[in-house]
1. For helix A:3-13, report the angle its Cα long axis makes with the longest principal axis of the Cα atoms of chain A; keep it between 0 and 90° and round to the nearest 10°.
2. Just how many pairs of Lys in the protein assembly as shown have C-alpha atoms closer than 12 Å, counting pairs that are eight or more places apart or on different chains?
3. In whole Hz, with x marking every Gly and Pro, tabulate ³J(HN,Hα) for segment B:47-54 from phi via Karplus 6.51 cos²θ - 1.76 cosθ + 1.60, θ = phi - 60°.
4. Considering only DSSP states other than H, G, I, E and B, which trypsin sites (Lys or Arg not before Pro) in segment A:27-80 qualify as loop sites with at most 10 other Cβ atoms within 10 Å?
5. Quick one: angle between helix A:16-28 and the longest Cα principal axis of chain A, in degrees between 0 and 90, rounded to 10, please.
6. For a footprinting-style exposure proxy, rank A:Thr8, A:Thr47, B:Thr65 by other Cβ within 10 Å, fewest first.
7. Pop a pseudo-label 7 angstrom from the Cα along the beta-carbon direction at both A:Asp90 and B:Thr65 and give the gap in nm to one decimal.
8. For the Cα atoms of chain B, what angle does the longest principal axis make with the long axis of helix B:77-88, in degrees from 0 to 90, nearest 10?
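Taken together, the values in this text are just the output of simple stated rules run on the coordinates, not laboratory data. It should be emphasised that the depicted structure is a prediction, and the values quoted were computed from it without experimental measurement. Here the Cβ positions follow ideal geometry from the backbone for every residue, glycine too, while neighbour counts run over all protein chains shown.
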Protein chains: 2
Amino acid sequence: MNSKDAVTRLAALAHDQRLAIFRLLVREGPNGLPAGDIAGAVGATPTGASFHLKELDRAGLIHATRVGRYIRYAVHFEGMRQLLSFLTEDCCQGNPELCGSTIKKARKLCKGETK
Amino acid sequence: MNSKDAVTRLAALAHDQRLAIFRLLVREGPNGLPAGDIAGAVGATPTGASFHLKELDRAGLIHATRVGRYIRYAVHFEGMRQLLSFLTEDCCQGNPELCGSTIKKARKLCKGETK
DNA sequence: TGCATAATTCAATAATCCTTGTAATATTTG
DNA sequence: CAAATATTACAAGGATTATTGAATTATGCA
């Protein structure tokens, strides 16, 4: 993971509809959803959704799989992990207690605790 | 944490120099660094650094403290945690094993493991 | 007070990204 | 093969963001 790729991924997420798409797919898990359902869920036009999905794909945050006449999109979890790691790398020079274990707290959310 | 704030934070990080500044301050911990040192470390002009620091501040990712004639910037760890949580919220509908516990893996980095 | 240092503000140009509609491609079904 | 559905590709505009240099504010020190 280098800085350039991280910026690409962050820029991909730094958009209201794309962030909504990403979070929807994070919730959805490995099976993902077809493009049309995604467009409907976030209130995007088909053209708009396609554009945004392509951005997220290009960035390495999601991936597409054709299933019949549908194209399903799902989160690329390894790409997501790489980004989170890059942001928190070497936090507090290895003394996470200094920041109140920011990451440890954030992690809980992956277990469905909503705050 | 709402979507609008998250987009603001992600957009703040989606820039080469700002990401470098943020990661530098993550490593540095709660004491932070003065603006001049930050500019030098990431190869920014004073004007450029000031602009980017203000963006990160406005987004709620860092905060400024005047110390004599220096202004020290440090990561706002709670703001960072909110963002990470927002990105991973309700991951895999509460079954993180489905994505290989993306967050659990990412978390290790906060302990200084450089992988 | 006067000078040096630290950092910011302002203004103008350049670059990038978002949005929308229309046309095109791929696939299933009759 | 023809029609219908799902999705993508292309092009043009309008809006937002980055960059630069010069001028400005704030602080410390002789």
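1. In chain A, helix A:3-13 runs at an angle near 60 degrees to the longest axis.
2. For the protein assembly as shown, the number of qualifying lysine pairs is 9.
3. Result, rounded to whole Hz: 4, x, 4, 4, 4, 6, 5, 5.
4. A:Arg69
5. 80
6. Fewest to most other Cβ atoms nearby, the residues stand as A:Thr47, B:Thr65, A:Thr8.
7. Placing both labels 7 Å along Cα→Cβ, they lie 2.3 nm apart.
8. Long axis of B:77-88 versus the principal axis of chain B: about 30 degrees.
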